[in-house]
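I have placed the structure first, in the form of structure tokens, so that the comments after it can refer back to it.
Laboratory data are not the source of any read-out in this text; all were calculated from the coordinates shown. These figures come from a predicted structure and were not determined experimentally. Positions of Cβ are backbone-derived with ideal geometry, glycine not excepted, and every protein chain shown enters the neighbour counts.
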Amino acid sequence: MNHTRQDKSETRFRFKPQLSGLRFCAVLFVVVYHFSSFLISLKNWHYDLGSLIVFFFVLSSYLITRILLDAKEKAIDHAMPVWKVAVAFLTRRTLRIFPACYLYLAILMFFPLEGRDLRQHPAFYFGYLYNIRIYLTQAWGPYTVHLWTLAVEEQFYILWPWLILFIPTRYLPKVFGLMVLTGIAFRVFMLTVFPMQAQFPMLVLMPACIDCFAAGALLAFYHYRGKENNQWLKWASFIAIPVWLLLIVTNHRRSFIGLDRVFISLFTITVIDFANRGYTGFTKKFLENRMVQYLSKISYGIYLYHLIATLFFWKLFDLLQHRMSGWGYDLSAAGKMLASPYISFWIYFALAVACATLSWYLVEQPFNNLRKLFDYVMPKKKGQNQSAAKGNLPGNINRPV
């Protein structure tokens, strides 16, 4: 492989802590949103801040697409069939995502009331189909509400490597653009054909999220091509904001539902684009802070366990209150104080971090270490490379990219 090309690839895809810091910011927002009745109540004012969850989809797609484009390039240079990259990717994703999620579900199953639907319909939960379960029932459980995003992302992970690796790279921007239009068209179609049944539940289906993934992928493609100074994104975001606010204020539901996630995706890729180049000042210090980087490392666990942390806390408090009442002590006043959002948030967040820390060191990291056994690209032996140089390449390596 040409050394200049290799050096550019390594520079382009080196670890960037600010992108990692953004992942923690996204998780922190979800935790604050779920623990804040005020933010949740804003949806009565025409807008639900929960829509910002698509930040996850855009960021995830951006990072995953970067990895796959880099692995695809290296696989071709090493005369390696790209389907092996797809298999390695899916194996690595499974090792990273499944263990902690399955542990969460296993714990939840032990709670008689809270885990009842999980015990009755385990395939939807363990098969990463919970978003479909929500769509069918138009309801979700208080401790599984966040699992729909994991289901959508897993469905994305299954689809994405085959699309990125087997479509010639030069055609990918057109494919991503088509996917953006598909996401918008799907939401508008569902609102038009099924106005009563599909106004909210359809938003958790994979086709309704596909444009968010496409937006992140499109930015990853630009960065892959070396276009890292995209000032037009900033101006496009500024222009889009008044239109976005107008749709919110006028409550033009069909147009709003169709375009809302496009605006959020545009905002997200603008933030990511700046982080890729590197923020300065306070933003840089915050995103690269050692504590933020650690919390980003365990952010998957924080996202998983933050709701069940509330269940743990109040179950333990009820147990303690029952024991203390037998000794003549009343803890009801203390319970009201602890239930205050200004106090309970910090308790819940601390418990979520504690659960995530235990999960990382006892479950996630051991499985994560196994990913080293499944590299994306395994260079062939010297003799095999010589054969490839003579033209004995697999068919999918010779096709143009």
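One table, with the values for the structure above:
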item: Vicinal HN-Hα couplings computed from phi for the stretch 141-148 (Karplus, 6.51 cos²θ - 1.76 cosθ + 1.60; Hz; Gly/Pro x); result: x, x, 10, 10, 4, 7, 6, 5
item: Virtual spin-label span in nm between Lys285 and Ala236, 7 Å along Cα→Cβ; result: 3.3
item: Dipole axis of the stretch 17-293 (+1 Lys, Arg; -1 Asp, Glu on Cβ), positive-most option in Tyr143, Tyr224, Gly177; result: Tyr224
item: FRET E, pair Trp314, Asn229, Förster distance 56 Å, beta-carbon r, rounded to 0.05; result: 0.65
item: Modelled FRET efficiency - R0 25 Å, Thr94 with Arg119, Cβ distances, 0.05 increments; result: 0.60
item: Fewest-first sequence of Leu295, Leu311 by Cβ atoms within 10 Å of each Cβ; result: Leu311, Leu295
item: Across Lys16/Lys285; Lys84/Lys174; Lys74/Lys372; Lys297/Lys372; Lys174/Lys227; Lys84/Lys227, pairs whose alpha-carbon gap is larger than 20 Å; result: Lys84/Lys174; Lys84/Lys227
item: Rounded to whole Hz, the Karplus (6.51, -1.76, 1.60) HN-Hα couplings of the stretch 59-73, x for glycine and proline; result: 5, 4, 5, 4, 5, 5, 5, 4, 4, 5, 5, 5, 5, 4, 4
item: Between helix 172-193 and the chain: long-axis angle, C-alpha atoms, 0 to 90°, nearest 10; result: 40
item: Cβ charges +1 (Lys, Arg) and -1 (Asp, Glu), total dipole of the stretch 17-293, debye; result: 340
item: Dipole of the stretch 17-293, positive end: most advanced residue of Leu129, Val32, Asn276 [Cβ charges, Cα centre]; result: Asn276
item: Ellipticity estimate at 222 nm from DSSP helix runs (n ≥ 4, -39,500 (n - 2.57)) divided over the chain, nearest 500; result: -23500 deg cm²/dmol
item: Relative contact order of the stretch 17-293, defined on C-alpha pairs under 8 angstrom at six or more residues apart (%); result: 30
item: Gain on full stretching of the segment that runs from Lys16 to Ala106 - 0.36 nm per residue minus C-alpha separation; result: 29.0 nm
item: Cα-based helix-to-principal-axis angle, 299-325 vs the chain, degrees rounded to 10; result: 20
item: Of (i) 23.2, 87; (ii) 21.3, 63; (iii) 21.8, 69, the label for Rg and Dmax of the Cα atoms in Å derived from the coordinates; result: (i)
item: The stretch 350-361 - phi-based ³J(HN,Hα) in whole Hz, Karplus 6.51/-1.76/1.60, Gly and Pro as x; result: 4, 5, 4, 5, 5, 4, 5, 5, 4, 4, 5, 7
item: Between 0 and 90°, nearest 10: helix 82-109 axis offset from the chain longest Cα axis; result: 10
item: Thr192/Phe367 FRET efficiency (R0 30 Å; Cβ-Cβ; nearest 0.05); result: 0.10
item: Packing-based exposure ordering (other Cβ within 10 Å, fewest first) of Lys234, Lys336; result: Lys336, Lys234
